[in-house]
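The next block holds one structure in the form of structure tokens; read it before the comments.
The values are calculated or read from the model by the stated rules, or taken from the named source; none is laboratory data. None of the values given here were measured: they were computed from a predicted structure. Cβ coordinates were reconstructed from backbone atoms using ideal geometry, including for glycine residues, and neighbour counts include every protein chain displayed.
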Amino acid sequence: MSEGIGAAVKRKEDKRFITGAGRYTDDIRLENQAYAAFVRSPHAHAKVTGIDKSAAEAMEGVLAVLDGKQLTGDGIGNIICGWAITSKDGSPMNMGAWSALATDKVRYVGDAVVAVIAETKAQALAAAEAVDVSYEELPVAANIGAALADGAPQIHDNAPGNVIYDWEIGELQATDDAIAGAAHVTEMDITNNRLSPNAMEPRSAITKYDAAEDHYTLYTTSQNPHVARLVLSAFYQVAPEHKLRVIAPDVGGGFGSKIYIYPEEIVCLWAALKTKRSIKWTADRTEAFLTDAHGRDHVTNAKMGFDADGNIVGFKVSTKANFGAYMSLFSSAVPTYLYATLLSGTYNIPNIYAEVLAVYSNTVPVDAYRGAGRPEASYVVERMMETAAREMGKDPAELRRQNFVREFPHQTPVIMNYDSGDFEGNLNQAMEAADWAGFEGRKAQSAANGKLRGIGMACYIEACGIAPSAAVGSLGAGVGLWESAEVRVNPVGTIEILTGSHSHGQGHETTFAQVVADRFGVPLDSIQIVHGDTDKVQFGMGTYGSRSGPVGMSAIVKALDKVEAKVKKIGAHLLEEPEENIVIEEGTVKATGTNKALGWHEIGLAAYTAHNLPPDMEPGLKEGAFYDPLNFTFPMGCFICEVEVDPETGKTEILKFVASDDFGVIINPMIVEGQVHGGIAQGVGQALLEEVVYDADGQQLSASYMDYTMPRADDVPSYDVLHHNTKCTTNPLGMKGCGEAGAIGSPPAVINAITNAIGNNDISMPATPAKVWAAINSAKMAAE
Amino acid sequence: MTTVSMTVNGKVAAAVVEDRTLLVDFIREHLRLTGTHVGCDTSQCGACVVHVNGKAVKSCTMLAAAADGAEVTTIEGVANGDLHPMQKAFNDNHGLQCGFCTPGMIMTGIDMVNRYKAEGKTLDEKAIRHELEGNICRCTGYHNIVKSISQAAGEM
């Protein structure tokens, strides 16, 4: 089946994008549309002592100047975090209030204070400049250290010491005992640098209020329009769910940053009601740096104990996670259930204990960014393994091999139950492709040219397909993480698939159609994927956590099962053959052992004319399904990076990057490889280039593309992407998910290569030329 | 206010615009050709690349008034009945994911190939990566964009 599962079909959705016919939110213009601009705090921490709107209100084209007291006065609720985490002592997390427009206090540079609505964008921006907000500046805590220091400024009254929670997982005593009795203990302090997701399409929202129907429409750059509608209705009381339509049209990348419901969407919906005008807001890039949720920002101490043979006996991890100024939608889950639960890596570790201190600071809120917790875990585990191997004088590949999990299912000490994998198979495949054995020769060649060559690996594992609803509910999630699908077979046999997943680059319009084509043998062109509109799709949890394959497609499979059952009943009735003899092949419904057959379209027509259906059968051919996953899925793999460092400049060049992944069953290898390429580039960006930098006053120094180093084409190599797949045992297609793996496995592989090259393990991300040069020279000085 | 008149995708486009109107805003907001995108405010990302008198220009760096009298081609004007070889190459090689940077990449790619051909130079992987310095993509890791431009270079 050339268009079915496993075929590298070219993407159906490409045509509109390559011809300029994509329809992103900012491309849409509604009738009677006005524009919003936000007045944002220039201070990281200050009391708002007064707002003088008079000058702005008098300006040409200004329709409204709206503040936080009006917003809360109209009953608009605070922004919430949807995952409750309980501290070690049993106390609930300390969530501070977050109003979409600040009322009495601002807590980060960029915090929205006033919204100006005007006829044109230029008028709105000019009037925003004229709003005079008076502030009384307060002391600032711009990082974890400052937020936890004695006498640190109190950012939220109900979070004493700026601590949101102090959480733990695993067995403390057993882990301490195991490490105390270890033959060798490796200890490291590891920082995971703060990143900005930087989807190329800036966030945007357009809102419309229909007074006659008392109905709202929101066009927005969302990865999960139904979640947005639910939260906007149930928690922010902007509009009841049945009176709010959320449309996420073409969305230009998300990487997590477009999961959350931000102040701007709330304010624009409310402002549409206030002004009876459609309202558009589109972020500029600096606004994106100042307001899109950031990612990572962990500081960790880790201790790993080994017995005399090199077997891991215990792993103890203490992490401090910077949450920024407010708790974003899924922020609390990221450094806990998406991080500490992956600290067993690909290894047999009998004892694990992790504690996580979640901390407020006067910075942009931090939430899930591609990988979300799992890159942080992979970075800790894989830097520890590499360092331990070097300290013990063992081959890093062999130390990993020796400790690999080999039997499945495997229950780790930190919740996760791995269902499948062949870790050694991926390791071997990657080492062969990277010519690991020939490295010493290449290193000598580099040395002859005055360069330092290094090789490093990372054997990551992650948890995708989030997630079994009852399980995440028991861990504090406020929502279930199932997915829904509806299959509509039309009277002429064409098929529409309505899905709660959302495609913003992942290629669902192609891969989801491939699953259907594979099942019924109908042409890909006869299948349309419908997503991103709450009026069309009944409900869905959206796309993040590499869940569209393992969860979204599983829902489609479940609905296809129901369609298939009904088609077979209709076929049996029309062909006058027993149902068990009916098969669907190549778009034809056949009775085996006979030459009787019906075209696919004939079944559709029969279902809708309903002239001759089995007794008691309802007309029509439309089935829906909700799929709740049985377990997380566990993509894993081995990445190997080879670098050359110029000791004169400290500049690192990546010479080779090999990825061997286990994604289970793959629908479209072309698209899967594309996901891996993009993920690796983001991971290489984290390792070498990217960092959100704040000064001590909480001013973001990296808030434009002139200051924040995005990976460009000549910063990254071509990638060798390979697969060694084992089927996932817990979902119908056997898929594991592939969206985040590249960003999870690559940072430790790059840093392990650099530290191998320069002979100094003390380096933090991003490993800029300045840092690498300093590390080379400090190692030299130490040696001298 | 300034009167501007230019040829965009073969059609005359004239309007009275504010003096400060950028070419990208003229294209997007006045002509409603929304294939040309805005991804940053500092002329770094290249999502807004169009051709002005046959050369790739970031349309956010140019005033509409400065393009008065010019021949402008946007992504909407590239296909001539059939897809342009550069457009086809991006589809063939999975050179796009979310599609937001894609119009700028295609316009840059066409300009790059034209220049190298005119100068008789070879457009190898290293040259393509160097030439893409002004275009940022967050989805593809550039691997398949490089392949796409390389394929089109052989076909243009």
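At a glance:
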| quantity | calculated |
| --- | --- |
| Within the stretch A:75-192, strands (runs of 3 or more DSSP E) holding 3 or more residues that are at pLDDT 95 or above and farther than 19 Å from A:G698 by Cα | A:112-118, A:163-170, A:184-192 |
| Count of residues meeting criterion [assigned to a loop (DSSP other than H, G, I, E, B) and surrounded by fewer than 21 Cβ atoms within 10 Å (Cβ to Cβ)] in the stretch A:14-30 | 6 |
| Within the stretch A:471-523, tally of residues that are at positive phi and not assigned by TED's automatic domain parsing to the domain that holds A:M553 | 1 |
| Residue list for the stretch A:211-256, restricted to those being within 14 Å of chain B (Cβ to nearest Cβ) and more than 16 Å from A:Q538 (Cβ to Cβ) | A:Y219, A:T221, A:S222, A:Q223, A:P249, A:D250, A:V251, A:G252, A:G253, A:G254, A:F255, A:G256 |
| Residue that is surrounded by the fewest Cβ atoms within 10 Å (Cβ to Cβ) [pool: residues in the stretch B:32-68 that are more than 12 Å from chain A (Cβ to nearest Cβ), closer than 24 Å to B:M1 by Cα and of a type in the set (A, V, I, L, M)] | B:A66 |
| Checklist (1) farther than 18 Å from B:I145 by Cβ; (2) at the interface with chain A (Cβ under 7 Å from one of its Cβ atoms); (3) in contact with a His (Cβ under 9 Å, 6 or more places away or on another chain) applied to B:E71, failing item | (2) |
| Pick from the stretch A:684-706, criterion at the interface with chain B (Cβ under 9 Å from one of its Cβ atoms) and in a loop (DSSP other than H, G, I, E, B), ranking: nearest to A:A743 (Cα to Cα) | A:Y705 |
| Residue under evaluation A:R401, criteria (1) in contact with an Asp or Glu (Cβ under 9 Å, 6 or more places away or on another chain); (2) buried (at least 19 other Cβ atoms within 10 Å of the Cβ); (3) part of a helix (DSSP H, G or I); (4) charged (D, E, K, R), criterion not met | (2) |
| Residue list for the stretch B:3-31, restricted to those being within 11 Å of another protein chain (Cβ to nearest Cβ) and either in a strand (DSSP E or B) or among the hydroxyl-bearing types (S, T, Y) (or both) | B:T21 |
| Residue within the stretch B:48-65 that is under 26 Å from A:T510 (Cβ atoms), assigned to a loop (DSSP other than H, G, I, E, B) and not small (G, A, S) present | no |
| Elements of type strands (runs of 3 or more DSSP E) in the stretch A:288-362, at least 1 residues being under 20 Å from the mean Cα position of the chain (by Cα), modelled with pLDDT of 95 or more and within 16 Å of A:E187 (Cα to Cα) | none |
| The stretch A:763-783: number of residues that are among the hydroxyl-bearing types (S, T, Y) and modelled with pLDDT under 95 | 1 |
| Residue ID - farthest from A:N631 (Cα to Cα), chosen from residues in the stretch A:404-436 that are of a type in the set (F, W, Y) and not in a loop (DSSP other than H, G, I, E, B) | A:W436 |
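To keep it simple, each residue is scored yes or no on (1) free of Cβ contacts under 8 Å to residues at least 24 places away in the same chain; (2) assigned by TED's automatic domain parsing to the domain that holds A:L427; (3) hydroxyl-bearing (S, T, Y).
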site: A:S344; (1), (2), (3): no, yes, yes
site: A:N348; (1), (2), (3): no, yes, no
site: A:V364; (1), (2), (3): no, yes, no
site: A:D367; (1), (2), (3): no, yes, no
site: A:G373; (1), (2), (3): no, yes, no
site: A:E376; (1), (2), (3): no, yes, no
site: A:M392; (1), (2), (3): no, yes, no
site: A:D395; (1), (2), (3): yes, yes, no
